[in-house]
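Accompanying notes for the structure given below.
The values are calculated or read from the model by the stated rules, or taken from the named source; none is laboratory data. It should be emphasised that the depicted structure is a prediction, and the values quoted were computed from it without experimental measurement. Note that we place each Cβ from the backbone using ideal geometry, even for glycine, and neighbour counts take in every protein chain shown.
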Amino acid sequence: MAEKKKATTKKTESKKEDTKKVAPVKQEVKKQAAAPAAKPKAAAASAAAPAKATVGSTTKQGDARIGVFICHCGTNIAGSMDIEAVQAYAKTLPNVAYVDNYKYMCSMPGQSVINKAVKENKLTGVVVAACSPRLHEPTFRTATKESGLNPFRFEMANIREQNSWVHMHDREGSTDKAKDAVRIAVAKAALLQDLFPKSVPVEKAAMVVGAGVAGMQAALDLAAAGIKTYLIESDMSIGGRMSQLDKTFPTLDCSQCILTPKMVDVGRSDKIELMTWSEVHEVEGYIGNFDVTIRKKARGVMTPKEAEAKGIVGGGCNGCGDCEAVCPVVKPNEFEIGMKPRKAIYINHPQVVPLIYTIDFNSCVKCGLCVTACGPEKRAIDLEMKDEFVKVKVGTAILATGYDIFPIEKKEEWGYKRFENVITSLEFERLICASGPTGGHLVRPSDGQTPKRVAFVLCAGSRDNTGTGKPYCSRFCCMYSLKHAHQIIEKIPGCVPYIFYMDIRSFGKMYEEFYYRIQDEGAKFIRGRVANILEDPKTKNLHVMTDDTLLNRPVDMEVDMVVLAAAIQPKEDTNRTRKLFGVSCSMDGWLLEAHPKLNPCGTTTAGVFLAGVCQGPKDIPDTVASAEGAASAASIPIHMGEVELEPYFASCIEEKCAGCGMCVNLCPYSALSLVEKDGRTVMQVTEAKCKGCGTCGGFCPGGAIWMNHFATPQIVAQIDAFLLGGEQ
Amino acid sequence: MSAPGNFPIPERGPGIWQPKIQGIVCNWCSYAGADLAGGGRIQYPPDIRIVRVMCTGRIDSLFVLKAFADGADGVLVSGCHFGDCHYLEGNYKAAKRMFMVKRLMKSIGLDDRRFRMTFVSASEGAKWGAVVTDVVKTIRELGPSPITELKK
């Protein structure tokens, strides 16, 4: 505290020398007056410091020797502000023992500047004024550690993302802000303590949520790496969207042929515990130790394993389908997008894994015919089955929740659900698929006739800034529409596909070549966004209205069928799932990666990773690649065996704690409790449960909670440094 | 002179008041959102200085009052949207406290528009720019804090 007072008086004395332009003369007077008012509280706040100093700190604030390193980041920073002025200013700050700048501080030579300076100048703290701590704090912490200091003696001043890049045309304002940022960072760095991350063991198991092609690939990779993997799927069988597709572009190999072997592998692997018709219900814990509660929805049918557990030897569902044959309830099959009937007890399609029937309890009338059909040996059906909750412990988790089709009927001008012969691409996939409702014969829904003219409307709801659709490109619609065009040319002689497009985005390997091929095969391309589709009420033919922007003339084309390449959006349940795992989402609802380029599979929650389309639209090759990336990332902590947790724990300053217990209820992780110590009631922190949010520390009426690295004196010093100055 | 963006670059110099705005933001949403604004080169006025905390729940009401006592013309607290808190519910607790601060400000005659709590997610870079621009605009309209004026 003594040092602090000294600093304040010194500052007011030498204020005249200050060249800083935002500190006019009248502020000087103001500050003098403000100082006494501020002191008592600052005193109260920093009184906590000595109490804790014995634990971690080795230097007092007055002895702190801080090195300030200013990064040019090429011209990213240097182009918008006066680095020389910032450096000259930093030299005037209290506790600053060394100042330097370098073109790229994060580079190897830049880091060695830090290393050398710390050793030669006996620095006790490092401040780097560069980009965001969210980008390079780990880098510079490592550099600080290598120079012999505790890595937590490092503080970053963000002068790029929150300064030079956002004040590009205001050099003066930008330079002043950088000076303040350095001053604020130095004030905190002078008060930083040595902290030691805690190592926690990692459970040797992983979880994958969603069993589409991404989730399956991730689970298979994890299993191949010897890790026990829980694969959770909310639908009754695995395979996801890819199992609904007929052919895949640009190789035209059959989706089922490449997917079903993987599905079988997943079902067969002894390392993968497959849980279909299940949802993640609750997640607790942190990286290495997630306690996940899974809700196994009542499927009404027992697997052979479950039957055996109930003492029915040789029982359980074997997928014979006798139950389905007798079931009197008929409903539209969601897997076939309602184009085929199903019963109340059903499977999605014949190739399902696992081959276990499921009862749709919303439509089941509990007549019991299926129970009789199943027979006394298997006894697989239990009409009174209830949801079960299973708890598992995993070290890391991968989210692969996938996508849904945008409800394209919202774009009323295209008449989906109003005109029978307007269908979506996914419906087209089922119609053209040999295992689909028509056995692979493309027919018009209105009359069952084979269409001779088919219009494909691209960017249906994608790249749409009207507010109804999605602003992003759904990324694979161009390619599958080209594939659809190929399929009808191949299957229906004389049938002409008309593709209405804005741009054809054929960006992948062999995609552009595929586009040329479809052009050569005779598909017609019309560049223009479709304005309107009208139906001829007699023939049920459709009139597609647009502007041909290449020929610059209006088009009114009569076709037999329209296929809308509808946009995609995150799966319905994504929002609930992501909140359980503490993962953020972008504005469109896609899950947010830790860094779009450097960490596309990671999230801001340590130990939780993303695979596939849940992170953003991807075609199958990209989805599989991202799944393999996520699996590799998720296996690292498990193979390391332990992880370090950031030591931002709360702790109790016992001499100040009144034992009121207000904090105990505030903690979202139940990490706090009241204990008796030396005849007094005080709060105690269970460090393993504490995640360091500081909600307790923000409330404690007695200021008795010390938040590591975000302690009250440290934050108050930052506020004071900004508003009261601190120049010498 | 003006910058691309919806604000002019102010005249600066000795004796010309510039607003001092203290921002206290959470690491996971608003700080990330502010970083995204940087990546997107979204321009906003430079009159704000940010202190980063892990969660808005960490923000003691006294931090806000300390900033005002120190002479801040405005304070902006920004965190995750409700339901999106990295620590489940820190932002709810922060919001409750901040309402209390606003009530207190009103009763001592300090215009409560000087203090704002906003919710900016990690994907809302443009929103962060708009929020700061608006906060700076409001504070410029309100003028210097009466606390500093009284001390003269």
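Which of the residues spanning segment B:59-69 are more than 26 Å from residue B:12 (Cβ to Cβ) and either at the interface with another protein chain (Cβ under 8 Å from one of its Cβ atoms) or over 12 Å from the mean Cα position of the chain (by Cα) (or both)? It would help to see each step written out before you state the result.
Initially, segment B:59-69 is screened for residues more than 26 Å from residue B:12 (Cβ to Cβ), giving B:59-66.
Across segment B:59-69, the qualifying residues are B:59, B:60, B:61, B:62, B:63, B:65, B:66.
Could you list, in sequence order, the residues of segment B:70-92 that are of a type in the set (D, E, K, R) and either touching a Lys or Arg at 6+ places or on another chain (Cβ under 6 Å) or more than 7 Å from chain A (Cβ to nearest Cβ) (or both)? Across segment B:70-92, the qualifying residue is only B:73.
Tallying residues that are acidic (Asp, Glu) and within 21 Å of residue A:152 (Cβ to Cβ) within segment A:624-659 yields 3. Listed by position, the helices (runs of 4 or more DSSP H) enclosed by segment A:93-200 that each have at least 1 residues that are more than 14 Å from chain B (Cβ to nearest Cβ) and of a type in the set (Lys, Arg) are A:108-121, A:133-146.
Residue A:293 meets all of the listed conditions (1) in contact with a Gly (Cβ under 8 Å, 6 or more places away or on another chain); (2) under 18 Å from residue A:386 (Cα atoms); (3) among the polar types (S, T, N, Q) but one, namely (1). Considering (1) on the phi < 0 side of the Ramachandran plot; (2) touching a residue at least 24 places away in the same chain (Cβ under 8 Å); (3) outside any loop (DSSP other than H, G, I, E, B), the lone condition that residue A:459 does not fulfil carries the number (1). When every residue of segment A:658-671 is checked against the conditions, at least one turns out to be modelled with pLDDT under 95, of a type in the set (Ser, Thr, Tyr) and surrounded by fewer than 15 Cβ atoms within 10 Å (Cβ to Cβ).
Of all residues in segment A:608-644, count the ones that are β-branched (Val, Ile, Thr) and within 19 Å of residue A:462 (Cα to Cα). Show your work before the answer.
Step one: filter segment A:608-644 for residues β-branched (Val, Ile, Thr), giving A:608, A:613, A:620, A:623-624, A:636, A:638, A:643.
Add one more test, that the residue is within 19 Å of residue A:462 (Cα to Cα), and what stays is A:613, A:620.
Here the count works out to 2.
Considering only segment A:201-214, I want to know if a residue exists there that is out of contact with any Phe, Trp or Tyr (no Cβ under 7 Å at 6 or more places or on another chain) and part of a helix (DSSP H, G or I). Yes - at least one qualifying residue is present in segment A:201-214.
Among the residues of segment A:632-651, at least one is surrounded by 20 or more Cβ atoms within 10 Å (Cβ to Cβ) and more than 24 Å from residue B:27 (Cβ to Cβ).
Matching residues to (1) farther than 20 Å from residue A:195 by Cα; (2) in contact with a Lys or Arg (Cβ under 7 Å, 6 or more places away or on another chain); (3) at pLDDT 95 or above; (4) assigned by TED's automatic domain parsing to the domain that holds residue A:157:
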site: A:51; (1), (2), (3), (4): no, no, no, no
site: A:64; (1), (2), (3), (4): no, no, no, yes
site: A:68; (1), (2), (3), (4): yes, no, yes, yes
site: A:88; (1), (2), (3), (4): yes, no, yes, yes
site: A:94; (1), (2), (3), (4): yes, no, no, yes
site: A:98; (1), (2), (3), (4): yes, no, yes, yes
site: A:126; (1), (2), (3), (4): no, yes, yes, yes
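Each residue in segment B:75-115 was checked for being among the aromatic types (Phe, Trp, Tyr) and free of Cβ contacts under 8 Å to residues at least 24 places away in the same chain, and 2 of them qualify.
Out of A:265, A:270, which single residue is free of Cβ contacts under 8 Å to residues at least 60 places away in the same chain, more than 22 Å from residue A:575 (Cβ to Cβ), part of a loop (DSSP other than H, G, I, E, B) and not aromatic (Phe, Trp, Tyr)?
Sole residue among the options that is free of Cβ contacts under 8 Å to residues at least 60 places away in the same chain, more than 22 Å from residue A:575 (Cβ to Cβ), part of a loop (DSSP other than H, G, I, E, B) and not aromatic (Phe, Trp, Tyr): A:270.
Residues that are among the charged types (D, E, K, R), within 23 Å of residue A:595 (Cα to Cα) and surrounded by fewer than 24 Cβ atoms within 10 Å (Cβ to Cβ) within segment A:111-168 comprise A:134, A:137, A:141, listed in sequence order.
When A:248, A:229, A:144 are checked against the criterion of being of a type in the set (Val, Ile, Thr), more than 22 Å from the chain's Cα centre (by Cα) and within 30 Å of residue A:319 (Cβ to Cβ), a single residue qualifies: A:248.
Cβ-Cβ distances below 6 Å connect the following pairs, each with a first residue in segment A:681-704 that is within 14 Å of another protein chain (Cβ to nearest Cβ) and under 12 Å from residue A:648 (Cβ atoms), a second residue that is surrounded by fewer than 23 Cβ atoms within 10 Å (Cβ to Cβ) and of a type in the set (A, V, I, L, M), and a separation of six or more residues or different chains: A:690/A:671. Here residue A:703 does not qualify as among the small types (Gly, Ala, Ser), out of contact with any Ser or Thr (no Cβ under 7 Å at 6 or more places or on another chain), under 24 Å from residue A:153 (Cα atoms) and at pLDDT below 95. Taking segment A:590-607, which residues are more than 25 Å from residue A:693 (Cβ to Cβ), within 10 Å of chain B (Cβ to nearest Cβ) and surrounded by fewer than 21 Cβ atoms within 10 Å (Cβ to Cβ)? Within segment A:590-607, A:596 is the sole residue that qualifies.
Considering every residue within segment B:40-58, establish whether at least one is among the hydroxyl-bearing types (Ser, Thr, Tyr), within 7 Å of chain A (Cβ to nearest Cβ) and more than 14 Å from residue B:121 (Cα to Cα). Yes, segment B:40-58 contains at least one residue that is among the hydroxyl-bearing types (Ser, Thr, Tyr), within 7 Å of chain A (Cβ to nearest Cβ) and more than 14 Å from residue B:121 (Cα to Cα).
Got a number for residues in segment A:514-555 being polar (S, T, N, Q), over 41 Å from the mean Cα position of the chain (by Cα) and buried (at least 16 other Cβ atoms within 10 Å of the Cβ)?
Going through segment A:514-555, the residues polar (S, T, N, Q) turn out to be A:519, A:532, A:539, A:541, A:546, A:549, A:552.
Among the residues that remain, those that are also over 41 Å from the mean Cα position of the chain (by Cα) are: A:539, A:541, A:552.
Next cut, buried (at least 16 other Cβ atoms within 10 Å of the Cβ) only: A:541.
So the count comes out to 1.
Within segment B:21-33, if we keep just the residues that are farther than 12 Å from residue B:128 by Cβ and touching a residue at least 60 places away in the same chain (Cβ under 8 Å), the residue that is nearest to the other protein chains (Cβ to nearest Cβ) turns out to be B:28.
Residue A:489 - would you say it is modelled with pLDDT of 95 or more and under 26 Å from residue A:513 (Cα atoms)? Write out each step before concluding.
Numbers: modelled with pLDDT of 95 or more: yes; under 26 Å from residue A:513 (Cα atoms): yes.
Yes; evaluated as a whole, the condition is true for this residue.
How many residues are among the small types (Gly, Ala, Ser) and free of Cβ contacts under 8 Å to residues at least 24 places away in the same chain when one looks only at segment A:518-533? Summing the residues that are among the small types (Gly, Ala, Ser) and free of Cβ contacts under 8 Å to residues at least 24 places away in the same chain in segment A:518-533 gives 0. Residue A:489 satisfies every condition listed in (1) in contact with a Gly (Cβ under 9 Å, 6 or more places away or on another chain); (2) within 27 Å of residue A:332 (Cα to Cα); (3) part of a helix (DSSP H, G or I); (4) not acidic (Asp, Glu) except (2). Could you tell me whether residue A:663 is within 23 Å of residue B:87 (Cβ to Cβ) and assigned to a loop (DSSP other than H, G, I, E, B)? For residue A:663, the condition - within 23 Å of residue B:87 (Cβ to Cβ) and assigned to a loop (DSSP other than H, G, I, E, B) - is not met.
Do we have any residue at all in segment A:266-286 that's at pLDDT 95 or above, closer than 28 Å to residue A:429 by Cα and charged (D, E, K, R)? Yes, segment A:266-286 has at least one match. Residues in segment A:674-728 that are farther than 29 Å from residue B:49 by Cα, assigned to a loop (DSSP other than H, G, I, E, B) and among the acidic types (Asp, Glu): A:678, A:687.
In segment A:347-355, the count of residues that are among the β-branched types (Val, Ile, Thr), under 30 Å from residue A:559 (Cα atoms) and buried (at least 19 other Cβ atoms within 10 Å of the Cβ) is zero.
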